[in-house]
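Undergrad: Could you have a look at this structure, given as structure tokens, before my questions?
The values are calculated or read from the model by the stated rules, or taken from the named source; none is laboratory data. On a predicted model such as this, the values are computed, not experimentally measured, just so you know. Glycine gets a Cβ as well: all are built from the backbone with ideal geometry, and neighbour counts include every protein chain shown. Areas reflect the complete protein model, heavy atoms only, side chains present, ligands, DNA and RNA absent. Shrake-Rupley method; radii C 1.70, N 1.55, O 1.52, S 1.80 Å.
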Amino acid sequence: MPELPEVETTLRGVSPHITGKIVAAVNIRQPKLRWPVPEHLADTLHGQPVTHCTRRAKYLLIHFQTGILIIHLGMSGSLRIFTPNAAPPPGKHDHADIAFADGTVLRYHDPRRFGAILWFAGIAEHHPLLSKCGPEPLSEAFNPEYLYQSLKKRKCVVKLAIMDNALVVGVGNIYANESLFRAAVSPKRQACKVSKKEAAALCTHIKTVLQRAIDTGGSTLRDFVDSEGNSGYFQQEYAVYGRHNQPCPRCGQPIRKETIGQRGTFYCPNCQK
């Protein structure tokens with residue numbers, strides 16, 4: 001599933017090509033995504049300029065004067081930008097096109113159809129999908145003291161705590177594994193037993209891991225590509241994720257894999273306590 005770095009990479013690739021441009025047409029070829037695409041979306045967007053684009057958690061937000069187009073990439077979704085009059089014929093899994101007056105096309109591709117294209121005529125923070133989200137991990141609101149105080153209140157294991165969007169958004173499975181390794185904290189540790197010093201280290205590494213993943217274009221997960229069709233490269237820097245039985249880059253002991261919260265969890269039992 002595309003996680004925060006992949007969505008941020010997509011945002012940065014798409015935004016410069018559509019901001020300020022006027023929607024000329026919307027073509028929905030498959031309205032049955034995770035939730036039905038609004039029936040009147042084409043009429044709603046026609047003639048409206050894109051004012052700006054943002055991201056909240058794993059949601060892409062395309063802002064218009066009368067509301068917000070909310071896009072989630074689901075398990076296998078991606079957005080592609082085609083320069084004016086250069087869009088190829090749509091393929092089987094190309095479910096939606098937004099065409100702009102200058103000929104630019106924004107295309108939504110989603111083989112598993114678990115993503116979403118929604119319209120909300122209001123403030124983003126008031127939408128039910130966004131109203132209960134915790135702070136952004138790269139913001140000042142997500143800091144060592146906040147993380148320590150939040151973990152103190154939780155009895156679940158620390159990996160599940162930092163993957164909870166109510167605590168902090170966007171720390172998906174890959175980046176939770178990598179951050180916990182760098183902070184030398186076992187994913188199986190009870191959240192409330194993480195010390196203040198460890199919480200500070202974990203906060204720092206969540207930020208650095210996510211920023212590094214953004215800088216390298218995210219990870220290649222299934223068929224994830226950015227807005228230009230390129231794969232990410234952060235997977236080349238994994239220390240533990242997907243490295244079951246391979247040597248730990250610190251101590252050389254085999255990386256162990258377990259299932260926590262129905263997700264594959266990779267860690268070094270020697271380095272992470």
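Undergrad: Looking at the structure I just gave you, is K257 within 30 Å of T10 (Cβ to Cβ), outside the structural domain of T104 (by the TED database) and at pLDDT 65 or above? Quick ask: steps written out before the conclusion?
TA: Details: within 30 Å of T10 (Cβ to Cβ): yes; outside the structural domain of T104 (by the TED database): yes; at pLDDT 65 or above: yes.
Spelling it out, K257 is indeed within 30 Å of T10 (Cβ to Cβ), outside the structural domain of T104 (by the TED database) and at pLDDT 65 or above.
Undergrad: Related question: Considering the stretch 44-59 alone, what residues qualify as being crowded, with 19+ Cβ neighbours inside 10 Å and more than 23 Å from the chain's Cα centre (by Cα)?
TA: L45
Undergrad: Within the stretch 26-43, track down each residue that is open to solvent by less than 40 Å² (accessible area, probe 1.4 Å) and assigned to a strand (DSSP E or B).
TA: V26
Undergrad: Let me ask another. Inside the stretch 60-72, can you point out the residues that are part of a strand (DSSP E or B) and either at positive phi or not hydrophobic (A, V, I, L, M, F, W, C) (or both)?
TA: At the first step, the residues of the stretch 60-72 found to be part of a strand (DSSP E or B) are 60-64, 67-72.
Result: H63, G67, H72.
Undergrad: Shifting gears a bit: Being outside any helix (DSSP H, G or I) and open to solvent by 30 Å² or more (accessible area, probe 1.4 Å) is the filter here, so list the residues in the stretch 177-196 that pass it.
TA: If the condition is that a residue be outside any helix (DSSP H, G or I) and open to solvent by 30 Å² or more (accessible area, probe 1.4 Å), then A184, K188, R189, Q190, S195 are the ones that fit.
Undergrad: Any residue in the stretch 141-158 that is under 16 Å from T204 (Cβ atoms) and at pLDDT 95 or above sitting within a Cβ distance under 7 Å of a residue that is open to solvent by 60 Å² or more (accessible area, probe 1.4 Å) and not hydroxyl-bearing (S, T, Y)? List the pairs, counting only those 6 or more apart or interchain.
TA: So the pair list comes out as Y148/K196.
Undergrad: Only one of A161, A199 is assigned to a helix (DSSP H, G or I), closer than 17 Å to A57 by Cα, at pLDDT 95 or above and open to solvent by less than 10 Å² (accessible area, probe 1.4 Å). Can you tell me which? Give the steps one after another, and end with the answer.
TA: On the way: A199 fails: closer than 17 Å to A57 by Cα.
Exactly one residue qualifies, and that residue is A161.
Undergrad: Which one is farthest from K207 (Cα to Cα), of the residues in the stretch 124-140 that are touching a Leu at 6+ places or on another chain (Cβ under 7 Å) and in contact (Cβ under 8 Å) with a residue 60 or more places away in the chain?
TA: Narrowing the stretch 124-140 to residues touching a Leu at 6+ places or on another chain (Cβ under 7 Å): 124, 134, 137-138.
If we keep only those that are in contact (Cβ under 8 Å) with a residue 60 or more places away in the chain as well, we get 124, 137-138.
Values: A124: 24, P137: 6, L138: 6 Å.
In this case the residue turns out to be A124.
Undergrad: Something else about it: Consider A57 carefully, then state whether it is in contact with a strand residue (DSSP E or B) (Cβ under 7 Å, 6 or more places away or on another chain) and in the same structural domain as G13 (by the TED database).
TA: So A57 does not fit the description; no.
Undergrad: Related question: Taking strands (runs of 3 or more DSSP E) that do not extend beyond the stretch 73-144, which have at least 1 residues that are surrounded by 20 or more Cβ atoms within 10 Å (Cβ to Cβ) and within 19 Å of the chain's Cα centre (by Cα)? Walk me through how you get there before you give the answer.
TA: On the way: elements: 78-82, 94-100, 105-109, 116-120.
Correct list: 78-82, 105-109, 116-120.
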